[in-house]
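> One structure follows; several queries about it will come next.
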There are 2 protein chains.
Amino acid sequence: MLSLSVTFNKLSQAYPWIASPLIVLAPMRGIAGPTLAVAVSQAGGLGFIAFTGKNSGLEDLETASQLLRGAKEQDDNSLSGISIGGLLPVGLGFLLWADDLSDAVETVEKYRPCAVWLFAPRGGQEELDQWTLGIRAASPKTQVWIQFGTIGEATAAAGSTSPPDVVVIQGTEAGGHGRAHDGIGTITLLPEAADALRSSGIPIIAAGGIADGRGVVAALSLGASGVAMGTRFLAASEARVSKGYQREIVRVADGAKSTTRTTLYNRLRGTVGWPEEFSPRMVKNRSWGDSQAGVPFDELKRLYDEAGKTGDAGWGPEGRLATYAGAVVGLVHEVEDGKVIVKSVREEAKSITEALSTSF
Amino acid sequence: MLSLSVTFNKLSQAYPWIASPLIVLAPMRGIAGPTLAVAVSQAGGLGFIAFTGKNSGLEDLETASQLLRGAKEQDDNSLSGISIGGLLPVGLGFLLWADDLSDAVETVEKYRPCAVWLFAPRGGQEELDQWTLGIRAASPKTQVWIQFGTIGEATAAAGSTSPPDVVVIQGTEAGGHGRAHDGIGTITLLPEAADALRSSGIPIIAAGGIADGRGVVAALSLGASGVAMGTRFLAASEARVSKGYQREIVRVADGAKSTTRTTLYNRLRGTVGWPEEFSPRMVKNRSWGDSQAGVPFDELKRLYDEAGKTGDAGWGPEGRLATYAGAVVGLVHEVEDGKVIVKSVREEAKSITEALSTSF
């Protein structure tokens, strides 16, 4: 814990524009695009774009480059340049079971993001090693982040021949995909991971259950060097989400009661291929309720597809459409610009830290 | 959050011997007795004795009184007296579904503990109201703490005609009994509870997932005015646990992998009567493994009873005996005196707070 400044310094050497505490935009598939990622980095955070295939991936990185170049030409000093040490100040996130390593290498080689975020291999540590080596060969200065939801996998990676530069530890409160059966909350997973990884010196980014300055200070206390947020950024104005989805994130309260881990919506949407050790946290709506009440899947699917045709009206109290979200959904109350989110969460974390330090 | 000092002051007015941050011994049934509870209070915390019926309850409170009197006669200044404002500086915890209100009233009236901790009614808010009114009639200055694992119940209690003096918010990482199906981790439950209870002004004590100074600072950041620990105190030298059980707490690592919520061990031990919305978090051992492998219950029960005859040898890597424990079990590494635990956790919390305040 006393090494908090040390580990932050390690990160700020790699990402010199970041402010403390570090706020990271998690690479939410289909949702975290270049506009949001650039906004987060410009606010002193680190934005990850979610890779969604070679063509769209290349397009997204090109867009990010242009946005950064545009900002520079407008004398926007929020980042010192479009390229920091030869690297683009945004990251790129991959789902290893879904993405192709050669596509990843091509994109990374061309745009040199400052970091990649690897998650969910089908082939365990061996596949992580292949990706890590492949990325490093393509862009030696690009840092490799790997996300884990178990102590065992995180320590195996740290002790491997190709250890990551940063480990992301994801508690079970997280939205979207995480451990299906063997997850646990951030409040115990994170300190136990910090103990297990201490000797490696690898900085930890906490994910899962963090949506505001309170969660940030909690995560730093528990051993993280920074935090990643997903659900809070679902309510960013730049997020690539339907208005209906976004309104649902703002509307839903009581994260424990309102969300659950289930593969139901993946099946309803036709999302297939996730390794079975993962399942997503979802807002429970009518599809879930009807499923629990015994309505056959074919009927649920028919109703789901019908709801899909109604667009934004497919969400809401009586909605049926998939709403990937973390248990922090009850802490998200408004739509704001990505920069505002990053700055306000950081300021809140600072004021909490000050209040704590004067309280005993 | 800026009201942290305010809410601590509220607590220290009621419990003038406590030091900040407040560390509470959770009233673990059969385990938290007078020796441990007095030690915790003498160290500036607040120890709760778990009530286990009228006769043993009266005996435990008498023992606590004698211990406090003995300490006073020995000029032990760790508490200013055996009675603070007419109240005994230890608390008393009740399981409402199991305990008798008239027994509780008799014990509270005679010994006037500074607080009672109510948990797990079978009759919801109505039963909580009865207990609250009964306790207050018996001992008007005794504060009423009520433990909840859901936002809905906590807000209902806060808005009731007999609101508690303190609310304990229990995350799903907690050991022993908690919400069976609708729990969530402390990192999201606590801030959402804090938001929901803010207007009531009722201080929150966080429970579940806290075993050291890191967890304490996290809980305070998230909105708690103090923390309760159970599992860490299972490794207190004064805890009423078998050596085998205690060694198991120290031995077991990886709380996510090693523990689960299950009623299996209640059934094996013959513990019956818990309302179905609760189940305990347990260390998975051979009883669990065999159960998952399909061994019939009768055979599991026979093997469990045989293991019971071996005493302390019934725990361990190949053990079968019930080991109630939280997901923090991987953070507990040695047996220490209760006072040492309280003081070291408090000091660790302070040093983390200092490190945080200088890091950004």
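The values are calculated or read from the model by the stated rules, or taken from the named source; none is laboratory data. Nothing here was measured: the structure is a model prediction, and the numbers come from that model. When we count neighbours, we look across all protein chains shown, and the Cβ atoms used for this are built from the backbone with ideal geometry, even at glycine. Surface areas here come from the heavy atoms of the whole protein model, side chains and all, with no ligands, DNA or RNA. Shrake-Rupley method; radii C 1.70, N 1.55, O 1.52, S 1.80 Å.
> I'd like to verify a number: residues in the stretch A:216-241 that are open to solvent by 10 Å² or more (accessible area, probe 1.4 Å), at the interface with chain B (Cβ under 8 Å from one of its Cβ atoms) and either over 25 Å from A:SER41 (Cβ atoms) or aliphatic (A, V, I, L, M) (or both), how many?
So the count comes out to 0.
> Right, another one. Restricting attention to the stretch A:197-210, which residues are among the small types (Gly, Ala, Ser), within 12 Å of chain B (Cβ to nearest Cβ) and either surrounded by fewer than 24 Cβ atoms within 10 Å (Cβ to Cβ) or at negative phi (or both)? Spell out the reasoning first.
Just the residues of the stretch A:197-210 that are among the small types (Gly, Ala, Ser), to begin with: A:199-201, A:206-209.
Keeping just the survivors that are within 12 Å of chain B (Cβ to nearest Cβ) gives A:206-209.
A:ALA206, A:ALA207 - these are the residues of the stretch A:197-210 that are among the small types (Gly, Ala, Ser), within 12 Å of chain B (Cβ to nearest Cβ) and either surrounded by fewer than 24 Cβ atoms within 10 Å (Cβ to Cβ) or at negative phi (or both).
> Sticking with this one: Out of A:GLN147, A:GLN130, report the one residue that is touching a helix residue (DSSP H, G or I) at 6+ places or on another chain (Cβ under 7 Å) and either within 14 Å of chain B (Cβ to nearest Cβ) or of a type outside the set (Lys, Arg) (or both). Show your work before the answer.
Details: A:GLN147 fails: touching a helix residue (DSSP H, G or I) at 6+ places or on another chain (Cβ under 7 Å).
Being touching a helix residue (DSSP H, G or I) at 6+ places or on another chain (Cβ under 7 Å) and either within 14 Å of chain B (Cβ to nearest Cβ) or of a type outside the set (Lys, Arg) (or both) holds for just one of A:GLN147, A:GLN130, which is A:GLN130.
> Checking A:ALA138 against (1) open to solvent by 10 Å² or more (accessible area, probe 1.4 Å); (2) among the hydrophobic types (A, V, I, L, M, F, W, C); (3) touching a helix residue (DSSP H, G or I) at 6+ places or on another chain (Cβ under 9 Å); (4) away from every other protein chain (no Cβ under 14 Å): exactly one of these is not met. Which one?
A:ALA138 satisfies every listed condition except (1).
> Quickly run through the stretch A:2-49 and pick out the residues that are of a type in the set (A, V, I, L, M), open to solvent by less than 20 Å² (accessible area, probe 1.4 Å) and part of a helix (DSSP H, G or I).
Result: A:LEU4, A:LEU11, A:LEU36, A:ALA37, A:VAL38, A:ALA39, A:VAL40.
> Which count do you get for residues in the stretch B:242-255 that are of a type in the set (D, E, K, R) and crowded, with 22+ Cβ neighbours inside 10 Å?
As a first pass, look at the stretch B:242-255 and keep what is of a type in the set (D, E, K, R): B:243, B:247-248, B:251, B:254.
Subsequent filtering for residues that are crowded, with 22+ Cβ neighbours inside 10 Å retains B:248.
Residues in the stretch B:242-255 being of a type in the set (D, E, K, R) and crowded, with 22+ Cβ neighbours inside 10 Å: 1 in total.
> Give the residue, chosen from B:GLY152, B:GLY213, B:GLY123, B:GLY159, that is touching a residue at least 40 places away in the same chain (Cβ under 8 Å) and open to solvent by 10 Å² or more (accessible area, probe 1.4 Å). Lay out the reasoning, then the answer.
Values: B:GLY152 fails: touching a residue at least 40 places away in the same chain (Cβ under 8 Å); B:GLY213 fails: open to solvent by 10 Å² or more (accessible area, probe 1.4 Å); B:GLY123 fails: touching a residue at least 40 places away in the same chain (Cβ under 8 Å).
Result of the check over B:GLY152, B:GLY213, B:GLY123, B:GLY159: B:GLY159.
> For residues that are in contact (Cβ under 8 Å) with a residue 24 or more places away in the chain and facing chain A (nearest Cβ under 8 Å), scanning just the stretch B:180-193, find the one that is farthest from A:THR186 (Cα to Cα). Lay out the reasoning, then the answer.
Just the residues of the stretch B:180-193 that are in contact (Cβ under 8 Å) with a residue 24 or more places away in the chain, to begin with: B:180-183, B:185-187, B:189-193.
Subsequent filtering for residues that are facing chain A (nearest Cβ under 8 Å) retains B:182-183, B:185-187, B:189, B:191-192.
Details: B:ASP182: 17, B:GLY183: 14, B:GLY185: 7, B:THR186: 8, B:ILE187: 7, B:LEU189: 12, B:PRO191: 14, B:GLU192: 16 Å.
If we take residues in the stretch B:180-193 being in contact (Cβ under 8 Å) with a residue 24 or more places away in the chain and facing chain A (nearest Cβ under 8 Å), then B:ASP182 is farthest from A:THR186 (Cα to Cα).
> Let me ask another. With the checklist (1) under 23 Å from B:ALA32 (Cα atoms); (2) more than 21 Å from the chain's Cα centre (by Cα); (3) not hydroxyl-bearing (Ser, Thr, Tyr) in hand, flag the one item B:GLN147 doesn't pass.
The failed condition is (2).
> Looking only at the stretch A:242-281, which residues are β-branched (Val, Ile, Thr), in contact with a strand residue (DSSP E or B) (Cβ under 6 Å, 6 or more places away or on another chain) and away from chain B (no Cβ under 14 Å)?
A:THR263
> Let me ask another. Pick from A:LEU128, A:LEU118: which is free of Cβ contacts under 8 Å to residues at least 60 places away in the same chain, assigned by TED's automatic domain parsing to the domain that holds A:GLU192 and within 23 Å of A:SER83 (Cα to Cα)?
Details: A:LEU128 fails: within 23 Å of A:SER83 (Cα to Cα).
Every option except A:LEU118 fails the conditions.
> Going by what's in this entry, would B:GLY91 be described as within 14 Å of another protein chain (Cβ to nearest Cβ) and either touching a Ser or Thr at 6+ places or on another chain (Cβ under 6 Å) or open to solvent by less than 10 Å² (accessible area, probe 1.4 Å) (or both)?
no
> When you look at A:GLU173, is it facing chain B (nearest Cβ under 8 Å), outside any loop (DSSP other than H, G, I, E, B), at pLDDT 95 or above and buried (at least 24 other Cβ atoms within 10 Å of the Cβ), yes or no? Step through it out loud before you land on a result.
On the way: facing chain B (nearest Cβ under 8 Å): yes; outside any loop (DSSP other than H, G, I, E, B): no; at pLDDT 95 or above: yes; buried (at least 24 other Cβ atoms within 10 Å of the Cβ): yes.
Answer is no for this residue.
> So which residues in the stretch A:304-360 are in contact with a Phe, Trp or Tyr (Cβ under 9 Å, 6 or more places away or on another chain), away from chain B (no Cβ under 14 Å) and either of a type in the set (Phe, Trp, Tyr) or over 16 Å from A:VAL227 (Cα atoms) (or both)?
A:TYR304, A:ALA307, A:ASP312, A:GLY314, A:TRP315, A:ARG320, A:LEU321, A:ALA322, A:THR323, A:TYR324
> Is it the case that the stretch B:223-237 has a residue that's within 17 Å of the chain's Cα centre (by Cα) and farther than 23 Å from A:ILE187 by Cβ?
Within the stretch B:223-237, the first condition is being within 17 Å of the chain's Cα centre (by Cα), and the residues that meet it are B:224-237.
From the residues that got through so far, the ones that are farther than 23 Å from A:ILE187 by Cβ too are B:237.
Looking through the stretch B:223-237, at least one residue is within 17 Å of the chain's Cα centre (by Cα) and farther than 23 Å from A:ILE187 by Cβ.
> Looking only at the stretch B:261-290, count every residue that is of a type in the set (Ser, Thr, Tyr) and open to solvent by 30 Å² or more (accessible area, probe 1.4 Å) and tell me the total.
Keep residues of the stretch B:261-290 that are of a type in the set (Ser, Thr, Tyr), which gives B:262-263, B:265, B:271, B:279, B:287.
Imposing the further condition that a residue be open to solvent by 30 Å² or more (accessible area, probe 1.4 Å) reduces the set to B:263, B:271.
Summing the residues that are of a type in the set (Ser, Thr, Tyr) and open to solvent by 30 Å² or more (accessible area, probe 1.4 Å) in the stretch B:261-290 gives 2.
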